[in-house]
Amino acid sequence: MKIAMVGSGYVGLVSGACFADFGHDVVCIDKDQSKIDRLHAGIMPIYEPGLDALVESNVRAGRLSFTIDLGEGISGADAIFIAVGTPSRRGDGHADLTFVYEVAREVGEKLSGDAVVVTKSTVPVGTGDEVERIIKETGTPHKVAVVSNPEFLREGAAIGDFKRPDRIVIGAEDDFGREVMRQVYRPLFLNESPILFTSRRTSELIKYAANAFLATKITFINEMADLCEKVGANVQDVSRGIGMDKRIGSKFLHAGPGYGGSCFPKDTLALLKTAEDYDSPTRIVEAVVKVNDTRKRAMGRKVVDALGGTEAARGKRAALLGLTFKPNTDDMRDSPAIAVAQTLMDAGVAVTAYDPEGMEAAAPLLPDVTMCDSPYAAIDGADVVVIVTEWDAFRALDLKRVKQLLTQPVMVDLRNIYKPDDMRAAGFDYVSVGRA
Ligand code: UGA
């Protein structure tokens, strides 16, 4: 099969490299010349574990190539994936579909044969219909089926998620679309990964429903964590206790500083907009969005409290460990660390920070935070150390050294990576999330 991937960002690049690894012939296309130049030189535009090696081996095998020329890239392709960004439209939270529609038009104009056009970008219900209309409007003489195939990749675990998916969702309206998609995913089909064929609109909604449900699960356990703190219970045991019920499931029940990233915040907002447009309110998701927004700043205030409250905190310094919205990524989009740092600085607390991969992206967002080149450099002379992101590198800190470097042994662990008893034994004044 020949596959064209339009958009060589996170989703396009990971999906393109994985399809090539399955043995397909893949061209990744992007209009950003410098990105394509860097890819030719083997430099990845994002940090994702294993991606550089996967790209390199498939380029070497002649199955993966890059171009800025859309016409050349889609020439002879059986399937053309649209994997361009759909940022939140400024002001109203709707997904911005400008790039998707631009690509649809150009694909229609430059098609050289029959093809299936697949939307992989996260797009609101009805986008596939509009893509089909735009392509038809170009007057292309070729047979085109427009299919929805949402991605369920987690940053930091994207290659594993692609190759061993819980499910593949395909929304197709005709046999041509279904048959080509069956061939595209044949290698996974043979592994018995379940493939759900459904209608295009249903498939589009599945993506938003999945992310909104996961965001709800996280927000639910975060509120339980607050309650645990008040009643003297342990949220990790609550998660285990409810998660062992197969109807609930144990995943995505880690309490923390609130969800962030490029997906949940944007997709929950876009779902609310769709619900509003169709006059079908989704009140649970509305509450999730509000609770999560409030939570991020509340975590900053938790640190202020650990410093002895508003008066005592002024003029002190906090060392933040971890800035990215989760480990194994350099992505800072909607990271809770931003709100935590901002709340601290608003309270007159100076902030130093260290992150293994995210400091370059964080620096312009947090210009008043001093970036340091190791966790210990950030902690040196600080009055409190705060674990914001659960990078492995923070799971076994030299606690003796940390204690010596701090002016007072205070740790706020927003990811519960340490045990309260161990920390007390090590002489720390230790505050975590949802644990007495
Ligand atoms: C999420 C989904 O998990 C993917 O299935 C989906 O494909 C992707 O969005 C997308 O729409 O593209 P991602 O944003 O990469 O993936 O990261 P997650 O691992 O889902 O984490 C999102 C946020 O939730 C992070 O801030 C994380 O720290 C937080 N989280 C996650 C918790 O606070 N607790 C948990 O138990 C799990």
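The values are calculated or read from the model by the stated rules, or taken from the named source; none is laboratory data. This one's a predicted model, so the numbers in the text were calculated from it and none came from an experiment. Glycine also receives a Cβ, built like all others from the backbone with ideal geometry; neighbour counts cover every protein chain displayed. Accessible surface areas use protein heavy atoms only, side chains included; no ligands, DNA or RNA. Shrake-Rupley method; radii C 1.70, N 1.55, O 1.52, S 1.80 Å.
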Surface accessible to a 1.4 Å probe, residue 198 within the full protein complex, Å²:
30 Å²
As I understand it, the value is the acute angle between the Cα axis of helix 264-277 and the longest principal axis of the Cα atoms of the chain; what does it come to in degrees, rounded to 10?
60 degrees
Sort 10-21, 422-433 for me by packing, meaning the mean count of neighbouring Cβ atoms within 10 Å per residue, highest on top.
10-21, 422-433
If ligands, DNA and RNA are left out, what is the accessible area of residue 304 with a 1.4 Å probe, given in Å² to the nearest 10?
10 Å²
Going from most exposed to least, what order do 40, 94 have by accessible area with a 1.4 Å probe?
40, 94
Ordering 286, 48, 72 by accessible area with a probe of 1.4 Å, largest first, what comes out?
72, 286, 48
For residue 146, list long-range residues whose amide hydrogen, built 1.01 Å from N in the peptide plane, is under 5 Å from its own amide hydrogen.
117
Protection proxy (average C-beta count within 10 Å per residue), highest first, orders 337-348, 270-281 as 337-348, 270-281
per DSSP, antiparallel bridges as share of beta bridges in the chain, % nearest 5, sits at 5 percent
Mind jotting down a quarter of the surface of the convex hull over the alpha carbons of the stretch 60-147, in square nanometres, one decimal?
6.4 nm²
Can you pull the three principal axis extents for the Cα set of the stretch 242-431, in Å, largest first?
58, 40, 32
Sort 294, 352 by accessible area with a 1.4 Å probe, largest first.
294, 352
Cα-based Rg (one decimal) and Dmax (whole number) for the chain, in Å?
23.5, 75
hull vol. (C-alpha, convex hull) per residue for the stretch 2-198, Å³ -> 115 Å³
If you count only protein heavy atoms with a 1.4 Å probe, what accessible area per residue comes out for the chain, rounded to a whole Å²?
44 Å²
Taking a straight Cα-to-Cα line shorter than 27 Å from residue 296, and setting aside same-chain lysines fewer than 8 residues away, one finds 207, 217, 230, 251, 266, 273, 316, 326, 403, 419
How many angstrom separate the Cα center of the stretch 234-294 from the Cα center of the stretch 58-137?
29 Å
Multiply the residue separation of residue 183 and residue 230 by 0.36 nm, subtract the distance between their alpha-carbon atoms, and state the gained length in nm to one decimal.
11.5 nm
